[in-house]
Amino acid sequence: MILSSLGTYPTPVERLRQLERGGVSLWVKRDDRTHPDYGGNKVRKLEYILPEALRQGARRIVTVGAVGSHHVLATTLFGTRAGFEVDAVLVPQPRTAHVVANLRADLALGLRAHAAVGTWSAPLLVASLLASASASAGGGDAFYVPVGGSSALGALGYVDAGIELALQIRQGMLPKPDVVVVTVGSGGTAAGLVVGFAKAGLDIPVLGVCVAAPVWMVRIMVDWLVRRTAERAAAHDESPGRLGERARSMLTLTTEFLGGGYGVATDVGDSAILAGAEVGLDLDPTYTAKAFAATLAEVERRSGGNVLYWHTLSSASLDPLLAGTSDADFPPRLAKLLR
Ligand SMILES: *Cc1c(COP(=O)(O)O)cnc(C)c1O
């Protein structure tokens, strides 16, 4: 189904000895290195999304995200390279240097950014963009990608990732983890991962660290994604229902590290950023700091065994994408989104 792969796989697994305690071994899956120009977890989702948009004959991709969204940036970078025009409806997010840099890179790459003043107006804006696209091209012109790239289609990229880890375990590159810790935003990463483990016949508890609220909605979203992804990923002789159930039973969601909500830094997250820096991992306050804090807590509370942290943030420098962009202020409609 993949036309030609976008990223570089398998991503490495490494041991983080410096942060090990009490006989627990700590490992990291380096999905920060899925692509040399821009890595992170969104690349794996685009492996399926972009070929499908091409197959459907779309010329534009319409998506949605927070103003500093990694998904919007990855979609803009790889979407425009594949020849698409990219439109994104952007919703507000607390202003940080990282968020500002992402928006600057989006605009330099030619993203057509549409500001939604509140989360409630985003679906209306998306609908009007899709309607105008089909009106101008007689339908089928625009391909819609949901927030975070988390459709069942996008999650297939993480089914592959789960199978990839299973192979690395089989090859003896790491021991079978007793727990895998991963960030849960829109849920496609965690959903795909557990379906991938189930397909590979691996039974590994996955701790999904929620970074967005309301949590009941995240739970519904993840359950739905696991079911739909299992339907797409099941082989002919496999029951999609049973595959989905096995996958879902591996996944536990926690809100213990959410703090004040999406994009709001926490003290334990800030400590995790410092710990990550000690071992060469760059973490962000919105997603990975919270998941890495949960990882360190897992190491603390266990006596022995193996913990694997699944790293989802790109570690590529944005400098090449920012070269030639100015520090001038954003247009007021976009500046308003940086709270
Ligand atoms: C998008 C993102 C996530 C969350 O992935 P979902 O599939 O949306 O749950 C985690 N970490 C980083 C760095 C991200 O950009």
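In the stretch 155-185, what residues are crowded, with 24+ Cβ neighbours inside 10 Å and not in a helix (DSSP H, G or I)?
Answer for the stretch 155-185, where residues must be crowded, with 24+ Cβ neighbours inside 10 Å and not in a helix (DSSP H, G or I): P177, V180, V181, V182, T183, V184, G185.
Is the stretch 292-309 home to any residue that is exposed (fewer than 15 other Cβ atoms within 10 Å of the Cβ) and part of a helix (DSSP H, G or I)?
Step one: list which residues in the stretch 292-309 are exposed (fewer than 15 other Cβ atoms within 10 Å of the Cβ), which gives 300-301, 303-304.
With part of a helix (DSSP H, G or I) added as a condition, the list becomes 300-301.
So far as the stretch 292-309 goes, yes, one or more of its residues are exposed (fewer than 15 other Cβ atoms within 10 Å of the Cβ) and part of a helix (DSSP H, G or I).
Mind listing just one residue for me: the one in the stretch 13-23 that is in contact with a strand residue (DSSP E or B) (Cβ under 6 Å, 6 or more places away or on another chain) and not basic (K, R) and, of those, surrounded by the fewest Cβ atoms within 10 Å (Cβ to Cβ)? Working first, answer last.
Step one: of the stretch 13-23, the residues in contact with a strand residue (DSSP E or B) (Cβ under 6 Å, 6 or more places away or on another chain) are 13-16, 19-20.
Next, only the ones that are not basic (K, R) stay: 13-14, 16, 19-20.
Working: V13: 18, E14: 16, L16: 20, L19: 21, E20: 14.
Only one residue tops the list, namely E20.
Yes/no matrix, rows are residues, columns are (1) among the aromatic types (F, W, Y); (2) touching an Asp or Glu at 6+ places or on another chain (Cβ under 6 Å); (3) without any contact (Cβ under 8 Å) to a residue 24 or more places away in the chain; (4) within 16 Å of the ligand (Cβ to nearest atom):
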{"position": "G172", "(1), (2), (3), (4)": "no, no, yes, no"}
{"position": "P175", "(1), (2), (3), (4)": "no, no, no, no"}
{"position": "T183", "(1), (2), (3), (4)": "no, no, no, yes"}
{"position": "L193", "(1), (2), (3), (4)": "no, no, no, yes"}
{"position": "I204", "(1), (2), (3), (4)": "no, no, no, no"}
{"position": "G208", "(1), (2), (3), (4)": "no, no, no, yes"}
{"position": "V226", "(1), (2), (3), (4)": "no, no, no, yes"}
{"position": "R242", "(1), (2), (3), (4)": "no, no, yes, no"}
{"position": "E256", "(1), (2), (3), (4)": "no, no, no, no"}
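Report the residue count in the stretch 233-270 for those that are more than 15 Å from G185 (Cα to Cα) and not in a loop (DSSP other than H, G, I, E, B).
16
When you go through L103, L77, L109, L73 one by one, which is the residue that is touching a residue at least 60 places away in the same chain (Cβ under 8 Å) and either within 14 Å of the ligand (Cβ to nearest atom) or hydroxyl-bearing (S, T, Y) (or both)? Let's see the steps before the verdict.
On the way: L103 fails: either within 14 Å of the ligand (Cβ to nearest atom) or hydroxyl-bearing (S, T, Y) (or both); L109 fails: either within 14 Å of the ligand (Cβ to nearest atom) or hydroxyl-bearing (S, T, Y) (or both); L73 fails: touching a residue at least 60 places away in the same chain (Cβ under 8 Å).
Answer to the check: L77.
Which residue, of A212, A155, is in contact with a Gly (Cβ under 8 Å, 6 or more places away or on another chain), within 13 Å of the ligand (Cβ to nearest atom) and at pLDDT below 95?
Among A212, A155, only A212 is in contact with a Gly (Cβ under 8 Å, 6 or more places away or on another chain), within 13 Å of the ligand (Cβ to nearest atom) and at pLDDT below 95.
Across the stretch 220-252, what is the total count of residues that are surrounded by fewer than 17 Cβ atoms within 10 Å (Cβ to Cβ) and either under 18 Å from the mean Cα position of the chain (by Cα) or among the aliphatic types (A, V, I, L, M) (or both)?
Total satisfying the criteria: 5.
Picking from R44, R30, which residue would you name as being under 14 Å from the mean Cα position of the chain (by Cα), surrounded by fewer than 23 Cβ atoms within 10 Å (Cβ to Cβ) and within 15 Å of the ligand (Cβ to nearest atom)?
Sole residue among the options that is under 14 Å from the mean Cα position of the chain (by Cα), surrounded by fewer than 23 Cβ atoms within 10 Å (Cβ to Cβ) and within 15 Å of the ligand (Cβ to nearest atom): R30.
The values are calculated or read from the model by the stated rules, or taken from the named source; none is laboratory data. None of these values were measured; they are calculated from a predicted model. Every residue, glycine among them, receives a Cβ derived from its backbone with ideal geometry; neighbour counts consider all protein chains shown.
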